[in-house]
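The structure appears right after this line, and notes come after that.
The values are calculated or read from the model by the stated rules, or taken from the named source; none is laboratory data. Keep in mind that what you see is a predicted model, and the values were worked out from it rather than measured. FYI the Cβ positions are ideal-geometry reconstructions off the backbone, even for glycines, and counts take in every protein chain you see. We work out accessible area using only protein heavy atoms, side chains counted, and drop any ligands, DNA or RNA first. Shrake-Rupley method; radii C 1.70, N 1.55, O 1.52, S 1.80 Å.
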Amino acid sequence: IVSAFVVPIKEVLKWRAENPCAATPWRLRMIAAVYGLLTTASLVLFVGGFSFVTDGESLRQSGAGGATVILEAPMFLSRTFGLFFLVSLTACWGYCSSAGWILILLSYATHAMIPYNKGGHPLSPDLFLIGMVTYEWPLKYKAQVASNLRSYWPVALAVILLCSMPQVSGRCDLHPLHTTWERSRFRFVEAVLVTGLVTGAFRADDPHGITPWLNLWSLYAYCFHVAWARTLPRPYGAVVTYGSIPLFYVCHKMRRRRHLAEPETELGSRQGQGTDDIPTPESNDEAAVTP
C-alpha cells in the first residue's frame, strides 16, 4: 500500500532523466507540492503528539502486529512523506547525480537518530525510493565505488564484522535498539550492503545463465514467502517457497527453447514461399535510383 505512493515519484524521475535541463511542467510541480503538504500535515500531527487511537496501552497489550504502526503513524508518515517531498523537489529543481547518496544518508541516519517500532512488518518504502532514484539517476562516482568495493572486499567485510553485534537477537529492523550507537552500527551494515547493490559492486559473471531465472524466483519469494509462512504450518511454508526454485528453472528452459525455435520456424516459412518475393541486391539498387 505504501509503495503505491511512490508511483508519482517514478514519473517525475523518469521525466527528469529524459529532460535533464528542461523547465519542470506544472503537473510535476503539483506532485511535489502535494508531497510537501502531506509532510507538513504529518509533521504537525507528530509534533503535537496526536494519535490515531485513544487507548494506546490496550492496543499494545493486544499483541496485534499492526498495532505499533497505528500508534507510530504520525512519525512514520512525516518521515516517509518527507523523503518523498525531498526527492520530488530535487527532480523539479534539476538533474542531480548526488541525490542517491544524499537519500541513502538521510534514510539510514533517520533510522538511527529517530527510532520507532514498526510492528510486524518494516513498512518502509525507503528501498523502493533508493532503487528508483539510483536507477533513473546513476550515482556519482558509481564506478569508482564499485571498483574499490570489489578490490578491497576483505576490508569492507572486516569493518562490517566489527560493527556487527552477535549478542543482539530479534528483529532489530522492526524493534530498534536502545542507544543511538547500537542503532548506527546496525544500520551501517545495511547501508554498506545497499551501497554495494546500487553501485553494481556485487555484480558477478554468470557463465551458466543462472541469474535471469533466479531473479524471477527471488521476486516471487519476496512477494509470497510471508503468505506461505502464515498459511502453512512450519516448516512447510519455507519448503513451498524454496521448493519452487526448480519450477522457475524449468519455465526458463522452456521459454528459452521456444525463443530459439521461433527464428528457425520463421526462416523455414520464408524458404517455403520461394525466392520470388525475396529482394535481390540488383532490385534494391534499382529501387533506390528509380524516382
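Assorted remarks:
- Test: Val194 is modelled with pLDDT of 90 or more, within 30 Å of Leu71 (Cβ to Cβ) and in contact with a helix residue (DSSP H, G or I) (Cβ under 9 Å, 6 or more places away or on another chain): yes
- Members of the range 186-219 that are open to solvent by less than 50 Å² (accessible area, probe 1.4 Å), assigned to a helix (DSSP H, G or I) and not polar (S, T, N, Q): Arg187, Val189, Ala191, Val192, Val194, Gly196, Val198, Trp213, Trp217
- Yes/no for Ser78 being in contact with a Lys or Arg (Cβ under 7 Å, 6 or more places away or on another chain), free of Cβ contacts under 8 Å to residues at least 60 places away in the same chain and hydroxyl-bearing (Ser, Thr, Tyr): no
- Members of the range 88-107 that are surrounded by 16 or more Cβ atoms within 10 Å (Cβ to Cβ) and without any contact (Cβ under 8 Å) to a residue 12 or more places away in the chain: Thr90
- Residues that are modelled with pLDDT under 85 and assigned to a helix (DSSP H, G or I), drawn from the range 18-46: Phe46
- Filtered residues of the range 249-266 (kept if modelled with pLDDT of 85 or more and open to solvent by less than 100 Å² (accessible area, probe 1.4 Å)): Tyr249, Val250, Cys251, His252, Lys253
- Restricting the range 198-225 to residues that are without any contact (Cβ under 8 Å) to a residue 12 or more places away in the chain and of a type in the set (Val, Ile, Thr) leaves a set whose member that is farthest from Tyr135 (Cα to Cα) is Ile210.
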